[in-house]
Structure formats: structure tokens, C-alpha cells
Number of protein chains: 4
Amino acid sequence: MLRTAIVGGSGYTGIELLRILKLHPRANVVAVTSRKYAGHSVGEVFPSLHGYNDLLFTEPDVSYLSKSAEWIFTAVPHKAAMSVVPQFLDAGLRVIDLSADFRLRDRRTYETWYQAHTAPEQLDKAVYGLPEIYRKDIAHAQLVANPGCYPTGAIIPLVPLLHSGIINSQGIIADSKSGASGAGRSLSLGTLYCEVNEGLKAYKVAEHRHMPEIEQELSVAAGKPVVITFTPHLVPMTRGILTTIYARLAREVSIGKVLVAIKEFYKDSPFVRVFPEGAFPDIFYVRGSNFCDIGAKIDRHTNTLVLVSAIDNLVKGASGQAVQNLNIMAGLEESLGLDTIPLCP
Amino acid sequence: MLRTAIVGGSGYTGIELLRILKLHPRANVVAVTSRKYAGHSVGEVFPSLHGYNDLLFTEPDVSYLSKSAEWIFTAVPHKAAMSVVPQFLDAGLRVIDLSADFRLRDRRTYETWYQAHTAPEQLDKAVYGLPEIYRKDIAHAQLVANPGCYPTGAIIPLVPLLHSGIINSQGIIADSKSGASGAGRSLSLGTLYCEVNEGLKAYKVAEHRHMPEIEQELSVAAGKPVVITFTPHLVPMTRGILTTIYARLAREVSIGKVLVAIKEFYKDSPFVRVFPEGAFPDIFYVRGSNFCDIGAKIDRHTNTLVLVSAIDNLVKGASGQAVQNLNIMAGLEESLGLDTIPLCP
Amino acid sequence: MLRTAIVGGSGYTGIELLRILKLHPRANVVAVTSRKYAGHSVGEVFPSLHGYNDLLFTEPDVSYLSKSAEWIFTAVPHKAAMSVVPQFLDAGLRVIDLSADFRLRDRRTYETWYQAHTAPEQLDKAVYGLPEIYRKDIAHAQLVANPGCYPTGAIIPLVPLLHSGIINSQGIIADSKSGASGAGRSLSLGTLYCEVNEGLKAYKVAEHRHMPEIEQELSVAAGKPVVITFTPHLVPMTRGILTTIYARLAREVSIGKVLVAIKEFYKDSPFVRVFPEGAFPDIFYVRGSNFCDIGAKIDRHTNTLVLVSAIDNLVKGASGQAVQNLNIMAGLEESLGLDTIPLCP
Amino acid sequence: MLRTAIVGGSGYTGIELLRILKLHPRANVVAVTSRKYAGHSVGEVFPSLHGYNDLLFTEPDVSYLSKSAEWIFTAVPHKAAMSVVPQFLDAGLRVIDLSADFRLRDRRTYETWYQAHTAPEQLDKAVYGLPEIYRKDIAHAQLVANPGCYPTGAIIPLVPLLHSGIINSQGIIADSKSGASGAGRSLSLGTLYCEVNEGLKAYKVAEHRHMPEIEQELSVAAGKPVVITFTPHLVPMTRGILTTIYARLAREVSIGKVLVAIKEFYKDSPFVRVFPEGAFPDIFYVRGSNFCDIGAKIDRHTNTLVLVSAIDNLVKGASGQAVQNLNIMAGLEESLGLDTIPLCP
């Protein structure tokens, strides 16, 4: 059994890691930290997490964790992550970091969008943890930077089409709609039930921190710098990100060819499901699962390709993807412990 | 008091007309039809509609309605509307039609997207009932074609910018997110609670019937044919349409100038509220009201203008707008009976 | 025009007072306080509150408020209320307090459930602001203690039946289900969207502070001490309290008689709506309105009367009722400014 | 592998059976019927049901099913069930029926609440499929009548207390709150999204068909006839039933003793979780799982025991319980394939 520890176990991604790992046949959680709940059992704090009655939340003690576990999931906010991750690396552990701290390869970009980076030497070594693209590098990485939720939903459908030159690399628009769990479990007026329910809004229009992360990966795929227009929205639901993407076709192509190109690119990726022509994803079909569903249509009268992707932001957009990375790093089958059926309805 | 009748009073737009007109100081509802509920009182069928205990639903009898009322709201599905509207016109009544049947001026376009038109002679005479644009024509119209919900949210923010040439008329994308009431009150699997709740999807991608309606009005504003990419989405909430619009700037301009252009264009329109720079609409702020809220931002790194509009689809997107049209047609103040405060939270 | 001021204008009851009073034909808001938003305009902070662009939130300065206004709504938490209310009373103003501080006539009861009372001399003078019961006293009161939301929904259906001896005063059970707005707008983990949505729970079982308030009023109606079992629940919706009440019949009686007894008791109360036999209230039918809807059924096989009441907790359960009290205190028609139609759907 | 077939696979309980059985290590679905979707693959109709691309919906052909499968789940409406179940029994198959047709042992009771029974000879043979009570009988049954959703949530917490005489068998009240999936997937106005969302109502007050089913089992436990007051409510959420139960204590007892009595009774029941004193269940903690969570408190001032239970109506209230029954009937471990972790948030 892989002995894993979760640093920051009381946020939604931490809870979700606990949920997923509980049923993992080859990994278990030997330690989980939470300053807030230290000393209390996981099962007591979160009655949904059945079977964790004997696991106590502890203070985040690197030395204790390094002795107990071989694998670390850091599910703490950015900035906190970059201060603790290097310590685990130094101790020889392998780390999957769910924060944004090691996702951007370019230090200046990171510092433009976040703050000064205190562990810049890791930026080169960290592997961007999108298994569908970087599977091989992930296998050998000591530090995997688990992608952001919005980037996961935007990058997966676009990479095959940029890579193959089917779409124009300029003028791409990603209009994303996220459930409220993406905002996390910390207190804020904007995520109170009564402020989200029956509301709907765009936020951080053209200035969300996930934008440079998306652009970084699209640029790799296109082989040249790609800039996009990115608008996140907050939707009254708990889980899920639906991303509607608009791109211009670089050449005359049928929708069948577009779908085949995506399908072919991901033929060895068990979590990417490409819908047949005329069918489109729905958050409904992915909730609780690690799938990334994709549908597409060509609007002939404007020559625009419309792509739609759906993920569960807490699973494929965070903790499920982290476990997928764990599997790859440990040489296990990629989908181990992740072959759940979406909860629908 | 204006004597109005509602033909088709048991759908959401009919109920909403009853709600709004109940408090209208200069109009009342003298008849309301519903085959389903004929013989039952409005207050009995819809306990929310306080004060309607003495008004009974009746069968749709044109001759009776024509004698009882001077003003007709037709809130029946398209196709049904075009068979009944001409009869009221012939009887000399003035009609506000909430269906799609008289919105498209071009018969061929109508027949491409709907079916054969049985009252084509009215297409020229009908006035498109968007008061913010056609206020003067509406005042004298015998037949007003009340706009669709999606078109209302897309046309209002775009017209001033196309009219002034601030944005390029090509490449406009409208990504709309609607609450479930837009699908109406008829039975369908797709609008069951459990099929909508915690789901989110795009539908009728690039083939929704509101697309030609939007294009018709944008073409008028631009003075040349405009085609757009339009993607409607179904969101788990009851009321509201948020439309996120992407357009390319035709010339170097500040966001301040963009906002002023919209504000100036609508300076006599009491229901258009333009948000200051940096602020964006939320369905939360318009629910139950006739407002169309607008916010905008320029994404400098892609040279894209992002516009966001929010309306309550049942009010500004349907019944509120219909009453606004009634006011104008009757020579009353445009906002009479519509100066409610949004219900928030 | 009545010049009113709202102390504590940034919580949900404060916002709701602003919403309701905006359309009140005989009252307006001349001042509103909020430490948090002092210096900002109401319209800027709450874009839903149309028409308040010129009203600024201020610090709560009693002397300024006392000069500006004649009527005070205190919408601050308990404890804060009892420190400020006496100052307004001393300045000769009339006060409607929405907190719990003056609802319990018995000081010891108050101190058992809350904390030491710092203005006990007002407990006798304050009138319990349930207009349906205390209309006459309210008219002359200087201080009205606006009832709690749960008590409003529980007391109104029960008083006529206890008063007439139709039901047994012992063994009454009130099972209440509230939307999340009842928990207020302050930050707490339990009212985050993702903690409420798709959840449902009982809380403060048999120990909620509204219990003694309900018992106080039922005891008055029964003419002897009444104790009840009271269980509040949190439901994933924004507004509304549905209370299901179980009581034993004291004598053989038909459901028709029960309904008539309630109806008769409230024949001069415009906001109490008694449903016909077989029909039951739904939050759906009262949202945004000041109604208290009531339905009833006798379960013959257990000889139990089941009563169901529905209110909008922010309107009849708080701010609407406060305005109703204002109307009565000012000698205006009780329903002035409150004759809205529920927003449905 | 157990070869199972699902008759009626397109309703919510059928879909849920497909979901649960997909991951069952010792059972699989060899056939599933649906008149509506016959000829279409399960994966095509329900994209959430991953891995079912090769399984086609078929017409309900008893002879074909009897040859293909050894185990039958009937997930069709009552009345339809009693016409088809005997045919499978005659063919020697073992059947778990999710309808109400075989739950009531007394034919007259069945016919009072439903309609004439066409297979009354099975009423005696069928075993009521609540494993926590009838585990031993289920093991050998050919026909198991899977309990109703409301009964499951009401019976489990009450049986130990009636059995031990801790509570009085008279005067029990069960106030249940159900999510909308309990109403099924068939079309009805009352389950449209806009009719459920932001609404809340009691329905079938004291006349719901699950009442005699609850009373039947409580009577067995008490050893004498028990009648209860039962009020179901519809709550705006998809899954879950929270039942708040009020009972009078038959003797002086501590809450600790009450909780121990329940815990002890279910010590071999892996899905019953009894909460510690002061803690209460939340639908939040059981969603997607087969748990029945129970909490309790004694209201000393009225001498009332308040019990709260929470289940996922589609799992423990239907399909999960059916699979639990399958496991027991097949001699497998009771929790096989059901040891999921609730999806939270």
C-alpha cells in the first residue's frame, strides 16, 4: 500500500482526497493535517467520511509527515504550498501539489499573477500534472503540479486541435461556468448560500489567475505563443465546470474529423470521453467522477468551432486528477481507484 | 383603466403578466384564457396570485375577448399565435404578442426557422417590441411583437456599439446562460427538477431559433448584415439570463468611452442600468424586475471587448417588457407598474 | 412622509427593509447605518436596491439619527439592540426592534436563553409586534418588539385554536423548515453555499431560542402555561419557513370548523390566508410577500390535527412585519406598501 | 458472477441500480428493459452510466429475461409489478421487487390503499426487504419486497425503541422531508424544476401510501397495533429523505441509553450509523451511499424523544437496499459493492 499524507485536509480538495483514497485499492492515508481540527478524528469532523474514525487531524509537522508517508498531497493555498513543498522534496518524498505554486514554468509570469516565488528552483523540475499530456514525465517526477480546475477543462479539448493545426491559435475564447465548490471552503460573503443561490455572474473577467496557466499549455501545443480570452462565471450548483470554447477553424474540416482528432489524441486516456456529433456534455454526467467529457459543433454560418467540456472540478479538476497522478508516479494503472460511476441524478 | 385580456394565461409568461398587471395603477385584467383551467378561478389555480379570486379562466373565445377587452396579450406558443392574432387585429384591438410569430420581418427567415407563416401580411406591420430601440414605432403600433428572452439580453448591450461603430460587426459571440423558466411550464423530461438541478449544459448550439432574431436587430444597428455565434445554456436556477458577449473593437477606445456610449444611448431608457468600470451584473440584482443590467471590460491582451448583460427572463425577457410596451402604446409613462425593486436575496 | 432610519442596514433584514420601504407610498428611509459600508451609497453596495444612489450608509450615530428620523428600525443582533434602543426611546422616537431583545416579557426567561438584560425596564413597555394579535397595543406603543421568524409561523395558526379550546394545549409539536436567509448574512461555515445546497438537517433540536418566544404567546392564548416541542431545520432554499404543527383535538370537530375558526379569528387580518380543505400552503406561494398561509387536516386515525403554515421569513418573518407595525403605529392602513404579489415561480 | 436483469431500467431507481451494479465485484447486469429506449444502448441514453455501451435496453420479454438472468430486479410501478413478478417466480428466478406490490402482508390493507391485488398468493411468501430487521428471512426468500423510501427512514430508528419498550407505541409522529427524485422520472407538473425550486410543501398529509407500510412494521416491533401520524414534504434537493420523529418515552431513560439501545440493536448492521449525543444527521453526509444515519435527543421539558434519520432515498431508500438484499440472498457479504463514501459536498 502506498502511504500517503494530505497536508491541508479540511478544505474541499482535502476532503475529496480523503473520499477518493478511502476506496483506493493500493493507497491509504496515514496522516492528514489541519490546524483547525488538529486532535479531532476525520470521521467526527466530517461524518460523510466513513471509516476514518481512527485517523486524527494533526498539526502540519513536516518531520512527522516525512517519516510516516512516502507520498504527499499538498492541498493548501498557494504561497503556503511553496514554503512547505521543498521541505518534503528535501526529505526525499514525492509530492503532488494541488496549489498554483508550481504550475507556471516561468517565474516572472508567476510573480506577475501571484507574488514573489520563494522556491523558484523547483519551477523547472516540477511537472505539470495533466496526465493526458504529460503522462510520461509525471511517471518520473518528484514534484507534480496538479493543474487548476479551469485549465483542466480548457486545455484538454484544445490541445489536440492546436497540435494538429485544425484551429487557429489566435482568437480563442473560453467561457467557463463553475459551481461554488471551486471557491473553496473558507469563509467569504460571496460564497454564502444566499449570495450564490438563484444568482449568476461573471467574475475576474479577463484577469483570472488561471488564464496564464491555460495560455502556457496552449502555447506548448501550438508551438507558438497563444493568448486567449477567458471569462469565469459562478453558477448556483456545488460541483462542476462547463467550459464553452470558441475557436476559428484553420482549414476546411468536417465535425467528424474534429471529433476523431480529439478522440485519437486521447485514445489511451481513460477519462476523456468524446461525445458523438450532435451530443453535448452536461455536468450531470460527470459529477463525482474523473471524466472530462467533450462535445463539439461547427457553426458554419460564422465558421466557428464550438467546443464544450465538462468536468467535476473537485475530481478531474483537483483531487481525482491528483490521485491519477499518484497512480502514474507509482507505476500503477492510471485509473486505479477512480473508476467510479458519476452520481446522476 | 386599460382593459386587458391575456390569451394563454397558464404558462409562466401568462402567470407573470397576471402578477405584474395586478399592481398596475392604470390597467387591469378583465379576461384570461386557459383551456386547461377553464372554469376555475385564477386565485384557486395559482394561490400566489392574490386578489384574483373572482377572475375565472375561460376558453379562448375571440369574440368574447374582443368585446371585453381593448388590449390583448397573446402568451401562446408560436404557430398558435399567428392563427389568433389576426382575429384580434381585425376586431380593432391592439395586440402585444409574446410569441415568436411576428418578430422576424423576413418571411423566408421565419419559415426557415419555424414553419409556414399563415399571416405573412402582418410581418410588415408588426413592430419589434424592444422599447429601448423602437419606442416611437411602438407607440402607434397595432401589433407589437414582444422580443424573445435571449434576444433582449443580447441586443440591448450590442446595439449602441454597433450603431456607433465602436465594435466590429463580424465575429460577435453571445454565450447565454438561462434559468429553467425560459423553457416554459409544459411537461418535458429535460425540465424536471432532477434533470436540471446540479446540471449545466449547452443546448441547440448554433441552431437556436433566437439567433436569427438577434441577427436581424444587430444588422439594423450595424447597417449591414451581421451574423453571430450564439450558444444558449441551461443553468440550475429559476429566473434569469446572463449573456456574456465577445466582440472585437473596431478602433482604439477606452472602457470608459464604451460605457459612456451605452449609457448615452439609453439615457432615456429607465430600465437599462450600466455598471461602472470594474463592476459586473449578477442575476441576483435583477430578479423580479424589468431591468437590463450591463457591464463591460476590455481584455487588452486579446483586444476583445467583453460585455455582460443580466435580465430576468420572465420580466424584461417577456411579461415585463410586454407591459412596458402596453404603457408606451397607451401613452402612459413607460415604467408604470414596473418600478419594482429586485427580490434579493 | 414618515421619516424612518434603519440601524443595521447591511444584513438581510436591513436590505429587505430598504427594498420594501422604497416603494412605500407614505414612508421613506432618511438614514441607514452600517459600520462596514459607512461612506458608500446603498445603490453601490447593493445594486439590487434601485433608486438608493444618493443614500449613504453611515456610522450608527444616535444623535444624528434622532434628529433625522422619527421612526427607527433596529436590525442589529440581540444584545446590540438593547444597548441602542433605549437611547432612541429617550430621544422620543418610536422604535421597531427586529432583534430578540424585547420579545420576552419575562426577564428571567430572557436571561436564561440569551444573556443579562441591560434594559429590563423596557420589557414591560415593549409590545410584541404580531399585528394579528396585538394590533391595538401596537398602535400606541413606543417600542415594538418585532417577532422572530419561526414564532410568526408557529403562533399565527395556533392562537385561534388554543383561544377557542379546539386543541389541547399540551403535546403540541412544531416542526419548522427554514431557508438559509434565516441564518443571516454574517460569515459562517454552516451557511456557505456548498454546505447548505443538497443538504438538509435539524439543528438546535429542542433548544432553539425561539421556543420560549412561541411558548410565551401560546400561553397567553391558552390562558395557561403551554410548552411545546420545537425542531427547526435548515433547507436548501433562500427564503421561506414552512411549519408543520401537530396538535391533539380537545373535542370532536370537523376540519371545516377548524378552518372557519382560524378564518374568523383573522377576518380583519389582510395577510392571513386560510386555504380550503384539502389544499396546503407552499413557500412557492408566499415568496416576497407578507402573507402567512395556513392549511389544515385532521388525521382521524390518530386524532391529530396537522396544521401547515408558510411565510417568507424575510418579509412576514421580519421586515414586512416590521413595516406592517410601522403602518399601525403611524395610523396608516396596515397593508400599505405591502400589497405585493408573491414572486412565483 | 451473479447474472442480474433489471425490469424497468429507465426510471431513477433503475438508473441507480445500473450505477451501483456496475462496480459490484460479484454481480453484473445482463439485461435491462425499457419500452421507451428499447434498442438503444444504456451508455447512449444515459452518458453518466460509463461502461454500458454494449448493453442495449430491450422490451420486457419475460421468457428472454428468464433465460438470461438468475436474479431479477423489478423497478416498475406498482400494479405493473404484480403482473410480471409471478412469471419470474414461476420460472424459478429470485426476485427483488422495488414496487409496493408485495410490501403489505395484509391483502385488504393493500387493496384499501392501492387497488385489487392480482397475485395475492405471493403476499405471504414475500419477505419485507429491510435487511436490518429481516436479514435471516431474506437470505432464503425467493421474492423480496424492497421497502419504500419513507418507510426505510422511519422504521429503522423506531424498531429498536418499540421493541425494547423505551417509547410509547401510541402518539408517534413522523415528519419526513424528501428530495424530488422520490417522485420519479415520469412527467408531472409538480416535479418541474421551476415548481420545486425555492418551494417547500407538505403533501398527501395523513394519506400517503407509505403510512400503512410503516405501521405494519412498527406493529411487528411493538407486538401490538401501532398507528402513526405521517406527513411527507417535498424539498428542493435531488436526493435524500430526512425524517424527524416524535415519540413519548415510556419510562425515565437517558439519551445515552436510547442511543445505546439503537446502536446495540444494529451492531451487525454495517449501514446504520448512530450519531453521538448532540450530533444530528444531515442529508449531506449520506448522499450517494447506503447509510441510514440516526441522531436523537430528549426534550425534557415536554418529555418527548426526537429522532432524526437521514438516508439517500435512491440508495438506502431503493436501489442500494435492493443490492444489499441481493447480497444477502446470494450469500455474499451484505455490504459488497455498497461500501462507497458519500459524495460531500
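The values are calculated or read from the model by the stated rules, or taken from the named source; none is laboratory data. This one's a predicted model, so the numbers in the text were calculated from it and none came from an experiment. Glycine gets a Cβ as well: all are built from the backbone with ideal geometry, and neighbour counts include every protein chain shown. SASA here: full protein model, heavy atoms, side chains in, ligands and nucleic acids out. Shrake-Rupley method; radii C 1.70, N 1.55, O 1.52, S 1.80 Å.
Measuring r between the beta carbons of B:E59 and B:R26 and using R0 = 35 Å, the FRET efficiency lands at 0.80.
With K and R counted +1 and D and E -1, the other residues having a Cβ less than 12 Å from that of B:N303 yield a net charge of +1. Report Rg/Rh for segment A:177-227, rounded to two decimals, where Rg is the Cα radius of gyration and Rh the Kirkwood radius. Reported Rg/Rh, Kirkwood definition of Rh: 1.13. The local environment of C:L200, defined by Cβ-Cβ distances under 13 Å, has a net charge of -2 under the rule Lys, Arg +1 and Asp, Glu -1.
Among DSSP beta bridges whose residues both lie in chain C, state the antiparallel percentage, nearest 5. Within chain C, antiparallel bridges account for around 45 percent of the total.
Its Cα gyration tensor gives chain A an equivalent ellipsoid; the semi-axes, largest first and in whole Å, are 32, 21, 20.
Buried between D and C is an accessible area of approximately 3700 Å², summed over both sides with a 1.4 Å probe.
Each 10 Å bin, from zero up to the one with the longest distance, holds this percent of the alpha carbon pairs of segment C:210-275: 15, 36, 42, 7.
Here the contact order of chain C, divided by its residue count and restricted to Cα pairs under 8 Å and six or more residues apart, works out to 17 percent. Over the C-alpha trace of segment B:135-201, radius of gyration and Dmax come out as 17.1, 46 angstrom. Spin-label model, C:R105 to C:K263: label points 7 Å out along the Cα-to-beta-carbon direction sit 3.1 nm apart. Residues whose amide H lies under 5 Å from that of B:T58, counting only those 5 or more places away or on a different chain, are B:V32, B:T33, B:S34, B:G39; hydrogens are built 1.01 Å from N in the peptide plane. Percentage of Cα-Cα pair distances in segment C:150-313 greater than 20 Å, rounded to whole percent? Result: 50 percent of Cα pairs exceed 20 Å.
If you add up the charges near D:A141, with Lys and Arg at +1 and Asp and Glu at -1, over every other residue whose beta carbon is less than 14 angstrom from its beta carbon, what do you get? Once positives and negatives cancel, what remains is +3.
Each other copy holds its own label point for A:R108; taking that point as 7 Å from Cα along Cα to Cβ, the gaps run 5.5, 7.7, 9.0 nm, nearest first. Counting, for every residue in A:42-51, the Cβ atoms of other protein chains within 10 Å of its Cβ and taking the mean gives 5. Measuring from each Cβ of chain B to the axis carrying B onto C, the nearest residue and its distance in whole Å come out as B:L343, 3. Across the alpha-carbon atoms of the protein assembly as shown, the computed radius of gyration and Dmax are 31.4, 89 angstrom.
Per-atom-type breakdown for chain C gives carbon and sulfur 51% of the accessible area (1.4 Å probe, protein chains only).
The simple spin-label model puts a point 7 Å past each Cα toward its Cβ; for A:R248 and D:A330 those points are separated by 5.8 nm. With its label point put 7 Å out from Cα toward Cβ, C:P120 sits 6.8, 7.1, 8.8 nm from the same residue's point in the other copies, in order from shortest. Over the protein assembly as shown, dividing the summed -39,500 (n - 2.57) contributions of all DSSP H runs of at least 4 residues by the number of residues returns a 222 nm mean residue ellipticity of -8500 deg cm²/dmol.
Peptides A:44-56, B:227-239 ordered by packing proxy, namely the average of other Cβ atoms within 10 Å per residue, highest first: B:227-239, A:44-56. With chain D treated as a Gaussian network of Cα nodes joined by springs under 10 Å, which of D:T112, D:T191, D:T33 yields the largest mean-square fluctuation? Residue with maximal mean-square fluctuation among D:T112, D:T191, D:T33: D:T112.
Counting only other chain Cβ atoms within 10 Å of each residue's Cβ, the peptide D:233-246 averages 6.
Taking label positions 7 Å along the Cα-Cβ direction at both D:I255 and D:K136, the computed distance is 3.5 nm, reported to one decimal. Rounded to the nearest 5, the antiparallel percentage of DSSP beta bridges internal to segment B:2-125 is 5%.
Just so you know, the averaged projected area of the alpha carbon convex hull for segment D:1-153 sits at 9.1 nm². When both bridge partners sit in segment D:150-313, DSSP labels roughly 70% of those beta bridges antiparallel. Going from the isolated chain to the complete set of protein chains, segment C:264-290 loses at least 30 Å² of heavy-atom accessible area (1.4 Å probe) at C:R273, C:F280, C:D282, C:F284, C:Y285, C:R287. Just to confirm the number: angle between the C-alpha axis of helix D:80-90 and the first principal axis of chain D, 0 to 90 degrees, nearest 10? Helix D:80-90 sits at roughly 70 degrees to that axis.
Averaged over its residues, the protein assembly as shown has an accessible area of 32 Å² per residue, based on protein heavy atoms and a 1.4 Å probe. Got a sec? Which residues in segment A:163-199 would a label at A:N303 touch, if it sits 7 Å along Cα→Cβ and we count backbone N under 16 Å? From segment A:163-199, the list is A:166-172. A Cα-only calculation for segment C:29-119 places Rg and Dmax at 14.9, 45 Å.
Do any GluC sites (Glu not before Pro) in segment B:274-345 lie in a DSSP loop with no more than 15 other beta carbon atoms within 10 Å, and if so, which? In loop regions of segment B:274-345 (DSSP not H, G, I, E or B), the sparsely surrounded GluC sites (Glu not before Pro) are B:E277, B:E333.
Placing a label point 7 Å from Cα along the Cα-to-Cβ direction at A:H40 gives distances to the equivalent points in the other copies of 3.1, 4.6, 4.9 nm, listed shortest first. Between 0 and 90 degrees, the angle of helix D:320-329 with respect to the longest Cα principal axis of chain D falls at about 80 degrees.
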